[in-house]
1. Please determine, by comparing only the residues of the range 201-257 that are over 30 Å from residue 159 (Cβ atoms) and charged (D, E, K, R), which one is farthest from the chain's Cα centre (by Cα).
2. Looking only at residues in the range 67-88 that are of a type in the set (Lys, Arg) and surrounded by 18 or more Cβ atoms within 10 Å (Cβ to Cβ), which one is modelled with the highest pLDDT?
3. Can you find, within the range 89-116, the residue that is surrounded by the fewest Cβ atoms within 10 Å (Cβ to Cβ) among those that are in contact with an Asp or Glu (Cβ under 9 Å, 6 or more places away or on another chain) and over 14 Å from residue 329 (Cβ atoms)?
4. Return the pair list, or none, for Cβ contacts closer than 8 Å from residues in the range 180-209 that are touching a residue at least 24 places away in the same chain (Cβ under 8 Å) and within 16 Å of residue 236 (Cα to Cα) to residues that are in a loop (DSSP other than H, G, I, E, B) and among the small types (Gly, Ala, Ser), at least 6 apart or on different chains.
5. Has the range 203-225 got at least one residue that is at pLDDT below 90 and within 30 Å of residue 327 (Cβ to Cβ)?
6. Might you check whether a residue that is buried (at least 16 other Cβ atoms within 10 Å of the Cβ), touching a residue at least 24 places away in the same chain (Cβ under 8 Å) and at positive phi occurs anywhere in the range 165-179?
7. Filter the range 178-190 down to residues that are more than 34 Å from the chain's Cα centre (by Cα) and polar (S, T, N, Q) and give me whichever is modelled with the highest pLDDT.
8. Quick test for you: out of 20, 53, pick the one residue that is in contact with a strand residue (DSSP E or B) (Cβ under 9 Å, 6 or more places away or on another chain) and part of a strand (DSSP E or B).
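The values are calculated or read from the model by the stated rules, or taken from the named source; none is laboratory data. Just so it is clear, the structure is predicted and the values come from calculations on it, not from any experiment. Methodologically, a virtual Cβ is constructed for each residue, glycine included, from the backbone with ideal geometry; neighbour enumeration extends over all protein chains shown.
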Amino acid sequence: MIDIIIFIFILGVLVLIHELGHFIAAKKNGVKVEEFGFGFPPRLWGIKRGETLYSVNLIPIGGFVKVFGEEYQEKDKKQISEQQKKRTFIYKKPWQKVIILLAGVIMNVLLAILIYYGLLLANNFQSDPLPLFNNYSFKFGSKSIQVAAQNIIPDSPAAKVNIQSGDIILRYRLKTMTSWEQINGAKELINIIKARKDEPVTLGLKNIHDGKTKTVTVYPQYDNKLKRAVIGVNLVDLAVISYQKPIEKLTVGFLHSYNILEYNYKTIASLVSISIQEKTVEPVSQAVSGPIGIFAVIHEVVKTSGPKLISNLLNVMAMISLSLGFINILPLPALDGGRLVFVIYEWLTGKRANATIEKYVNIAGIILLLTLALLTTVNDLIKFTLYFSK
């Protein structure tokens, strides 16, 4: 139950922060805000303060801002006074419309920056480990590699000494060694293990979820299929980004947000490229999630984090906030980015886009987004069902 409450709270805060950006920008630029709603209709309660109705609605995920004269076709059909035009979105200057449309994205990015400042400051300006795709090089900070265990095979050497999924293997020691050696990558550890059938390999572990440490001694067994010794886990590389220069520490929230946003964008672009080459949507479908996928992540975080629950949830919140900002700025109809395209056209040409064209483009965009949302939900349900059936 607690994971459901946290899920609703996080999504509610992120969408409300986004809409608060639109609200503040509209007010500052003289646009009348007719309603600021928490959740989505039907309305449960509302109170009017000044010209704005503040409402609480039945569906408790997110919120909305209704500004006066948001749609061209609506106001063009009505005779409105010159005084009303001053408070109407469609009659504002293009640069003012750009500010209002971008304000939600800016608020999401600023929230992520603020969270990352706090998390990195508390962690000596080092990030938590991130899954590393294609040995990616981050633009800011310095990257170090850690190795994590995943998908532990039952009754394997790893399972017998209680190695768990999410354990980071920090160091190792062989029976011929008197001191520990650091692990620099999954391939290095595989090479160490594969030639040591039935020989003790001592590993120093730290769990990525709860931060607990332990030391185990595992005895690799020979695998006839792989033709080498194994311990029964998948080993994956993780990246830790460190920001230790004075200027990096001063701007760490901005730098880390940029690193994460660029990394996610390039990773998805690479997966799309792989999907096209292999003529399958599976690589992308495994990486893209909707609300159900987000809930599954939050459920796992709540289940496994222990004393790191708050910091892990804040990490998830910052990543979702960045993703929400990035998605909304895409030039897709019905999103802020799609509407921005029409405003930029108006700014460059000095005339509005055809209201009928804009109307039907937005309708098509809404249908497309609803279709994508449905497909994403079905995909999430399949992954969710498979996860809990294990």
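1. Restricting to residues being over 30 Å from residue 159 (Cβ atoms) and charged (D, E, K, R), the top hit is 245.
2. Checking each candidate, the answer is 87.
3. 94
4. So the pair list comes out as 207/166; 208/166; 209/166; 209/305.
5. yes
6. Yes, there is a match, as at least one residue in the range 165-179 is buried (at least 16 other Cβ atoms within 10 Å of the Cβ), touching a residue at least 24 places away in the same chain (Cβ under 8 Å) and at positive phi.
7. 179
8. Answer to the check: 53.
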